[in-house]
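Enquirer: Here it is, the structure, as structure tokens.
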Amino acid sequence: MNPSLPRREFLRTSTALIALPFLDSLGFRRLASAASRDRASARPKRMIFLGFGWGVTQESWYPSMEEKGRNYQLPAGLEPLAAHRNDFTIVQGLQNRYTNNGHYGSTFWLTGANEFGEPGQSFHNSISVDQVAAAHLGQETRFDSLVLDCGAAARPSGHGLGLSLSWDRSGKPMSGPKNPVEAFHRLFAKDTTPMEQQQAMLAQRRSVLDQALENARELQRGLSKTDKDKLDEYFQGIRDIETRLSREEKWLGVPRPVPPISEPKPDLLGYEEIQLMYDIMLAAFQTDSTRVVTYRQPVSTLLTSLEVRIDAHTMSHYPGKGPEYLEASEKRDQAQSRLLAHLLGKLKAAREPDGSSLFDHTTVVYGSNIRTGHLLDNCPTLIAGRGAGVKLGQNVVVPKDTPLCNAWLALLQGSGVSVDRHGDSTGVLKELLA
Amino acid sequence: MAKPFSQFGGVCVAGLAVLSSLSVSGDAAEPKPRAVLAERHRKLLEEHCQGCHGAEKQKGKFRLDDLPLGIGDVATAERWQKVLNAMNSGEMPPEEEKQPDRQRKADFLEELSQVMVVARKALADQHGVIAMRRLNRREYRNTLRELLGVEVDVSELPADTGGSGFDTVGAGLFLTSTQFEQYEAIGREALEMAFSAQVPSSKERKLRVEMESRLPIFDKRHQEGLGARDRANAWIQAVDAAAARPENAAKVAELRKIAQTDDALRYHWKKIPGAPNPTEFGFVKESEVNPAIVYLYRNHVEFIRYDEYYRTLPRLDTGGYLTSQSRVGGGNNVMALFGFPIPLHFPAGEYTVRVRVAAVPGVPEARHFLELCMGSSMPALSLHHITGTMEQPQVLEIPFTLTKANVDRGSRNLFIRERGANDGKSDQRLKEAQVRNGFGPEVALWVDWMEIEERRVPPAPGIRALTIPLEDRGAGVAPQPLRAALEQFVVEAYRGVSAPAGMVDRVLGIYAARQKLGDGHREALKHALAAVLSSPRFLFRAEPSENGEHRPLTGLELATRLSYFLQGGPPDDALRAAATRGELLRPEGLRAQTERLLNSPESVRFVRPFVTQWLGLDRLDLFQFSKALYPRFDDAMRSAAREEVLETYAYLLRENAPLTDLLRADYVVTNALLAEYYGLSGVRGDAFRKVLLPAGSPRGGLLGMAAILAMGSNGQRTNPVERGAWVLRKLLHEPPPPAPANVPEIARLAGKALTTRERLQAHQEEPQCASCHRKIDPIGFGLENFDAAGQWRTKDTYQGLDAAGKPDPKVRKTWTIEASATLHKGPSFKDYFELKEIVAGRRESFARGFTSALIEYALGRPCGFSDDALVDGIVRKTASEAFAARSFIHALVQSKPFQSK
């Protein structure tokens, strides 16, 4: 990117996702709501990605590989999901071929990148599937995506490097609300400032950003290539804000939606925290505030809230330990499945204006890059929701070591995102298609 | 040097041909790979793999015969990674095929995993290029403190420590749009705090509270407690009297069927005509349905006896004692915590807290510790050993920062309490003491008074630069002084570099625009200055170099690099002046400034982050230590154990003592608390100081430190693998490869009654485990005499659990610890002491590992193979100076890479 281009021009050239005809915010809203009334299939597609770090109990979470298809016995770890068994599919045999770090449950889970892929760099990552989706599905909402995280609990929860599940188009970690209260405020905080003043402040904000860009350009002149690359992050950061400001401008005067839930209590950790985050995701969809959500869930505090006194990492190595470790691991699976059942139930119960349910238009991905311990093959993968036209109620077994990214590609395409590859994908995971 | 271990330090891997490296400029025409697998391994592949993955057949589209033994690019690395993964997971060779000899397979896997580490390191080598990097979270906080004199809350910013390297390494320091906005917000907040601190306060900000002022409250509560006991008994008598009335006999008989005891019967008082409501006796509403509340006051009368004991103590007229908390209440509960709310008009800023306090004789020394805390149940801010006597009490002086976060959250309650007062064991202590003396724990600390006083500090350079009013004034500020003030502020913010052309105009533009929006002078100025604090020249440490050539740093650039290295913050006035005078560009001038920075108390901002990250000390916080198994290793002890590591390095640096004292020493650096843990007598007070060890002590050096040993545990049991790997990584500079993915865990021994050694023996059975564990485990065995909390032991017990999670007596084994072992391809040792000697003999490897870490930390990039010459030079130089701690710093600072872009 040539930073000497004027900013406005930049907005036109590289943020194609802000479709220009929609810049008239009123016209845009008319258009969007008209479309929504048309027919069920035109309801917007949505995606949720839930990552749970330290994997699962392999003996009791996976259905038997022998029982492919519909008629499989629901294993104990998925038992709390019994009511939904026809509405989710387990995929077995997927992996990220480049991931070799047994402590990275989330770093490359949605990206499929090679940590060592760039010579001269000790770490490399690329865009995550949710951000690919957000660029397409997120154009008409106030937020193109909602990136949720568990903050300080992430490190002992086996997620590995990163600030959330999401990585932006330059492969940089993205951050977002780290607890239910922050998430709630992000979505529903009321701005009572008069419209005129909001406009003036936006203009002022722009001018501050222009100054910042100018300062960066001044510095850039004397820099070497490597340093320029680093400074590019600064440029990009500012441009991302500008893109967001343009979006805010479009939404200026559109009042924040009335939250369908009350403000969460602060300081809840573990089980209740995850459940609240799920409720907030649902609220985000119900108010159409965003259509793409990721959540890096806590495991360490989940255990604490379940009164398990074993630390999460040791628990994940239960095979070499005593029975209490196995028990802790299974308790974790049960709790996570109960939470997911709660979310799926809510998605099914939430009605769209046309009488269909949110579940009919949403894809829920639930999994981790880690199976158990340091095992990184046959990554636990559960897909629910009818948003991407995936066949549900199945125990799908794919050839060993099929790229996870093939599944992500199938979900992207099924959700109407026209891309032909993602990460290290070698094609669409056909086994998922109905 | 002796050769107790296989020789694969960072430079040379056993069985590895080391070829010439890329030249430093990075323009070598034909780079030869550094990571090369020995030719002899080709044979194993030919015999066991190439039948299916060779020229004729390529099962799974994977071919091995054309795979070069030298790994020089990412694609080749990926193919070898696949080989390693398939063999580690046991997937290849397939089960039904002939398997390689176990020893041979283990050797092959050991070498391949090492070569992969070398390959990854070589491929990631930055060849000396130090990319411009932003301030990390810690440096950013320090920089704002030095510039504005305020302490900001940076917890919302990413921690920068998530990567495998140091938080100074540029590759891990990203900058996103969210962060940019956080910088803006934090900058404005910092300015707000700094501006507020400049408002002259007419009143002196000081508050002292005398402990004896609590005595009337004590007496009142005591009387209430007595009264409550009487009221409880009165209500009980009244209900019993009603129940005894003849006309209620049938009713009571009916109730007796479900309520056998008198206490149970009174739960049904409403059904007994004439029984009074407990609320009429002064009890809370809930007692109507739950008379247990009433019974509490009847049963737990110990508080009364405890109060009576307290009343007999001397010196209650001029002070008071910190008591244990008793159940239900009484006056003593008022005395358990002493403190006060910091007055609302005290702004965020720097304060001094003082406490006049004495140790009461006649109780164990371990109780003469006092904690300062914010909020009664919050963790302690600091812990103090009380050495003052009743005759000569001492005055503690504790520096205290009231943060913006404290102010915003309204947390202003400052307390002192006896150490461990909120460890949840008050009841237990109370009971134990009552059995002994009939009233409760004897008091241990007498307090005269406690006070807080604002610490006036001279305005920081950033504020000094603003030679204009900071508050709104009617007339406003004239343009010329405003411009001059901004220019000077920019110089301070940019660490001595003047504002580039146009910069001040842009900042003035923001000032004007804010005023147009309706802001007053103060608010507009804040926004304008915040723009400086989120500009790239502030956030990044820029060292412009047009064509990317390595050029010598300018004096100011060198000052900045030196200062962030040794103080974690911007250069101070003296350093900038030395740079401007050109002194820094001369070796002796640079050396003098380095010495000055190392002598300064601010060098703690180098010692703490560097040592914490170098040795991986944050692992100490990963686990909760079992209170049942290790009652003495509580939070205070854990934190003292951590301090020991930091203080020991600080001591070496201060005294310029040999760094190799970390391998073996006849002394420890400790305070009273930890000395007691180590069984050393005669150490008093909170200050860490050198204490000579008695002969035969296992302490002295990192291997004997409680923190290091505790990190090699999970809070319950020791983890010999973690300990062994740590020693290889940190002391011997032979880091084992990262734990491989997809190696199945050995599950068959889980839950069996075996010794730790027997359990780990299973590692030797599978070649893919043995390839690493044969190096790691023996070292761990040698440290087994230390329990999970770092205490010396001679026996260990395994206690299995049954299905219900209860200890199963059938699965229990106790054994005498056997700490002898043989190092892989190395010598044998018969116990911990011999192991320690072997490790202590590897001084040069240790120095090399330390040097690599120091380079990475100081230069902000991984220490690659292209740094070999630099590492060699530093190790040689320091060896000639008996590895004196400061010589490492000087050798690095004086080196060309440190002084070049």
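The values are calculated or read from the model by the stated rules, or taken from the named source; none is laboratory data. Because the structure is predicted, anything quoted here is derived from the model rather than measured. Here the Cβ is made from the backbone with ideal geometry for all residues, glycine too, and neighbour counts use every protein chain on show.
Enquirer: Which residue pairs have Cβ atoms closer than 8 Å, lie 6 or more positions apart in sequence or on different chains, and pair a first residue in segment B:616-637 that is more than 16 Å from B:Tyr677 (Cβ to Cβ) with a second residue that is acidic (Asp, Glu) and assigned to a loop (DSSP other than H, G, I, E, B)?
Expert: Between residues of segment B:616-637 that are more than 16 Å from B:Tyr677 (Cβ to Cβ) and residues that are acidic (Asp, Glu) and assigned to a loop (DSSP other than H, G, I, E, B), the close pairs are B:Leu622/A:Asp311; B:Phe623/A:Asp311; B:Gln624/A:Asp311.
Enquirer: Quick check on segment A:367-378. Is at least one of its residues assigned to a loop (DSSP other than H, G, I, E, B), more than 14 Å from chain B (Cβ to nearest Cβ) and buried (at least 22 other Cβ atoms within 10 Å of the Cβ)? Outline the logic, then answer.
Expert: So the first thing to find is which residues in segment A:367-378 are assigned to a loop (DSSP other than H, G, I, E, B), and the list is A:368-378.
Right, trim to more than 14 Å from chain B (Cβ to nearest Cβ) and you get none.
For segment A:367-378, residues assigned to a loop (DSSP other than H, G, I, E, B), more than 14 Å from chain B (Cβ to nearest Cβ) and buried (at least 22 other Cβ atoms within 10 Å of the Cβ): absent.
Enquirer: With respect to B:Ile217, determine if the residue is surrounded by fewer than 17 Cβ atoms within 10 Å (Cβ to Cβ), touching a helix residue (DSSP H, G or I) at 6+ places or on another chain (Cβ under 8 Å) and part of a helix (DSSP H, G or I). Spell out how you get there, then give the answer.
Expert: Working: surrounded by fewer than 17 Cβ atoms within 10 Å (Cβ to Cβ): yes; touching a helix residue (DSSP H, G or I) at 6+ places or on another chain (Cβ under 8 Å): yes; part of a helix (DSSP H, G or I): yes.
In short, yes.
Enquirer: Residue by residue through segment B:329-359, note down the ones that are assigned to a strand (DSSP E or B) and among the aliphatic types (A, V, I, L, M).
Expert: Taking segment B:329-359 as the starting set, the residues that turn out to be assigned to a strand (DSSP E or B) are B:338-341, B:349-359.
Within segment B:329-359, B:Val353, B:Val355, B:Val357, B:Ala358, B:Ala359 qualify.
Enquirer: Taking into account only those residues within segment B:649-700 that are polar (S, T, N, Q) and crowded, with 19+ Cβ neighbours inside 10 Å, which is modelled with the lowest pLDDT? Spell out the reasoning first.
Expert: Filtering segment B:649-700 for residues polar (S, T, N, Q) gives B:656, B:660, B:670-671, B:681, B:697.
Those left that are additionally crowded, with 19+ Cβ neighbours inside 10 Å: B:660, B:670-671.
On the way: B:Thr660: 97, B:Thr670: 97, B:Asn671: 94.
Across segment B:649-700, the extreme among qualifying residues is B:Asn671.
Enquirer: While we're here: For B:Ala788, only one of the following conditions fails: (1) surrounded by fewer than 19 Cβ atoms within 10 Å (Cβ to Cβ); (2) closer than 29 Å to B:Ala628 by Cβ; (3) of a type outside the set (Phe, Trp, Tyr). What is its number?
Expert: (1)
Enquirer: So if I check each of B:Arg759, B:Arg723, B:Arg793, B:Arg729, which one is more than 11 Å from chain A (Cβ to nearest Cβ) and closer than 28 Å to A:Glu327 by Cα? Full working, then the answer.
Expert: Values: B:Arg759 fails: more than 11 Å from chain A (Cβ to nearest Cβ); B:Arg793 fails: closer than 28 Å to A:Glu327 by Cα; B:Arg729 fails: closer than 28 Å to A:Glu327 by Cα.
So the residue among B:Arg759, B:Arg723, B:Arg793, B:Arg729 that is more than 11 Å from chain A (Cβ to nearest Cβ) and closer than 28 Å to A:Glu327 by Cα is B:Arg723.
Enquirer: Quick one: which helices (runs of 4 or more DSSP H) sit completely within segment B:480-559 and have at least 2 residues that are over 17 Å from A:Leu209 (Cβ atoms) and of a type in the set (D, E, K, R)?
Expert: Working: elements: B:503-516, B:521-533, B:536-539.
Qualifying helices (runs of 4 or more DSSP H): B:521-533.
Enquirer: Next question, about the same structure. Could you list, in sequence order, all residues of segment A:298-339 that are closer than 30 Å to A:Ala133 by Cα and either among the aromatic types (Phe, Trp, Tyr) or within 12 Å of chain B (Cβ to nearest Cβ) (or both)?
Expert: A:Ser300
Enquirer: Taking segment B:155-176 as the region of interest, how many residues are surrounded by fewer than 20 Cβ atoms within 10 Å (Cβ to Cβ) and polar (S, T, N, Q)?
Expert: The total comes to 3.
Enquirer: Still on this structure: Restricting attention to segment B:560-604, which residues are within 30 Å of the chain's Cα centre (by Cα), assigned to a helix (DSSP H, G or I) and among the polar types (S, T, N, Q)?
Expert: Matches in segment B:560-604: B:Thr560, B:Ser563, B:Gln567, B:Gln593, B:Thr594, B:Asn599, B:Ser603.
Enquirer: Name the single residue, out of those in segment B:186-214 being outside any helix (DSSP H, G or I) and modelled with pLDDT under 90, that is nearest to the chain's Cα centre (by Cα). Can you show your working first?
Expert: In the first step, residues of segment B:186-214 are kept if they are outside any helix (DSSP H, G or I); the result is B:199-210.
Next, from what is left, pick out any that are modelled with pLDDT under 90: B:199-205.
Working: B:Val199: 36, B:Pro200: 38, B:Ser201: 37, B:Ser202: 40, B:Lys203: 39, B:Glu204: 37, B:Arg205: 33 Å.
Going through the qualifying residues, I end up with B:Arg205.
Enquirer: Okay, next question. Any idea which of (1) within 30 Å of B:Glu156 (Cα to Cα); (2) buried (at least 16 other Cβ atoms within 10 Å of the Cβ) is the one B:Ser376 doesn't satisfy?
Expert: (2)
Enquirer: A further question follows. Being crowded, with 17+ Cβ neighbours inside 10 Å, closer than 22 Å to B:Glu856 by Cα and among the acidic types (Asp, Glu) narrows it down to one of B:Glu595, B:Glu549, B:Glu557, so name that one.
Expert: Values: B:Glu595 fails: crowded, with 17+ Cβ neighbours inside 10 Å; B:Glu549 fails: crowded, with 17+ Cβ neighbours inside 10 Å.
That would be B:Glu557, the only listed residue that is crowded, with 17+ Cβ neighbours inside 10 Å, closer than 22 Å to B:Glu856 by Cα and among the acidic types (Asp, Glu).
Enquirer: When the residues of segment B:349-373 are narrowed to those that are among the aliphatic types (A, V, I, L, M) and crowded, with 20+ Cβ neighbours inside 10 Å, which ends up farthest from B:Ala421 (Cα to Cα)?
Expert: Keep residues of segment B:349-373 that are among the aliphatic types (A, V, I, L, M), which gives B:353, B:355, B:357-360, B:363, B:366, B:370, B:372.
Then keep just the ones that are crowded, with 20+ Cβ neighbours inside 10 Å; that gives B:353, B:355, B:357-360, B:370, B:372.
On the way: B:Val353: 20, B:Val355: 18, B:Val357: 17, B:Ala358: 18, B:Ala359: 16, B:Val360: 17, B:Leu370: 10, B:Leu372: 11 Å.
Selected residue: B:Val353.
Enquirer: Hey, B:Ser326 hits all of (1) at pLDDT below 85; (2) outside any loop (DSSP other than H, G, I, E, B) but one; which does it fall short on?
Expert: That leaves (2) as the condition not met.
Enquirer: Do we find that A:Gly93 is small (Gly, Ala, Ser), touching a Ser or Thr at 6+ places or on another chain (Cβ under 8 Å), surrounded by fewer than 21 Cβ atoms within 10 Å (Cβ to Cβ) and within 14 Å of chain B (Cβ to nearest Cβ) in this structure?
Expert: On the way: small (Gly, Ala, Ser): yes; touching a Ser or Thr at 6+ places or on another chain (Cβ under 8 Å): yes; surrounded by fewer than 21 Cβ atoms within 10 Å (Cβ to Cβ): yes; within 14 Å of chain B (Cβ to nearest Cβ): yes.
Taking the combined requirement at face value, the residue satisfies it.
Enquirer: When you look at A:Leu347, is it among the hydrophobic types (A, V, I, L, M, F, W, C), in contact with a Ser or Thr (Cβ under 8 Å, 6 or more places away or on another chain) and away from chain B (no Cβ under 14 Å), yes or no?
Expert: Details: among the hydrophobic types (A, V, I, L, M, F, W, C): yes; in contact with a Ser or Thr (Cβ under 8 Å, 6 or more places away or on another chain): yes; away from chain B (no Cβ under 14 Å): yes.
Here the answer is yes, as A:Leu347 does meet what is asked.
Enquirer: With the requirement that a residue be among the basic types (Lys, Arg) and either more than 8 Å from chain B (Cβ to nearest Cβ) or not in a helix (DSSP H, G or I) (or both), what does segment A:207-238 give you?
Expert: Filtering segment A:207-238 for residues among the basic types (Lys, Arg) gives A:217, A:221, A:225, A:228, A:230.
Those that are among the basic types (Lys, Arg) and either more than 8 Å from chain B (Cβ to nearest Cβ) or not in a helix (DSSP H, G or I) (or both): A:Arg217, A:Arg221, A:Lys228.
Enquirer: Quick one: how many residues across segment B:833-865 are outside any helix (DSSP H, G or I) and buried (at least 21 other Cβ atoms within 10 Å of the Cβ)?
Expert: So the count comes out to 6.
Enquirer: On the given criteria, is A:Tyr295 more than 8 Å from every other protein chain (Cβ to nearest Cβ), in contact with a Leu (Cβ under 7 Å, 6 or more places away or on another chain) and surrounded by 17 or more Cβ atoms within 10 Å (Cβ to Cβ)?
Expert: On the way: more than 8 Å from every other protein chain (Cβ to nearest Cβ): yes; in contact with a Leu (Cβ under 7 Å, 6 or more places away or on another chain): yes; surrounded by 17 or more Cβ atoms within 10 Å (Cβ to Cβ): yes.
In short, yes.
Enquirer: OK, next. Identify, please: which residue in segment B:462-479 is part of a helix (DSSP H, G or I) and under 44 Å from the mean Cα position of the chain (by Cα) and is, among those, nearest to the other protein chains (Cβ to nearest Cβ)?
Expert: To start, the set of residues in segment B:462-479 that are part of a helix (DSSP H, G or I) comprises B:462-464, B:479.
Retained after the next criterion (residues that are under 44 Å from the mean Cα position of the chain (by Cα)): B:462-464.
Numbers: B:Gly462: 18, B:Ile463: 22, B:Arg464: 23 Å.
The residue in question is B:Gly462.
Enquirer: Here is a follow-up. Which residues, counting only those in segment B:269-281, are surrounded by 15 or more Cβ atoms within 10 Å (Cβ to Cβ) and either within 54 Å of the chain's Cα centre (by Cα) or over 14 Å from B:Ala241 (Cα atoms) (or both)?
Expert: Once the filter is applied, which keeps residues that are surrounded by 15 or more Cβ atoms within 10 Å (Cβ to Cβ) and either within 54 Å of the chain's Cα centre (by Cα) or over 14 Å from B:Ala241 (Cα atoms) (or both), segment B:269-281 yields B:Pro278, B:Phe281.
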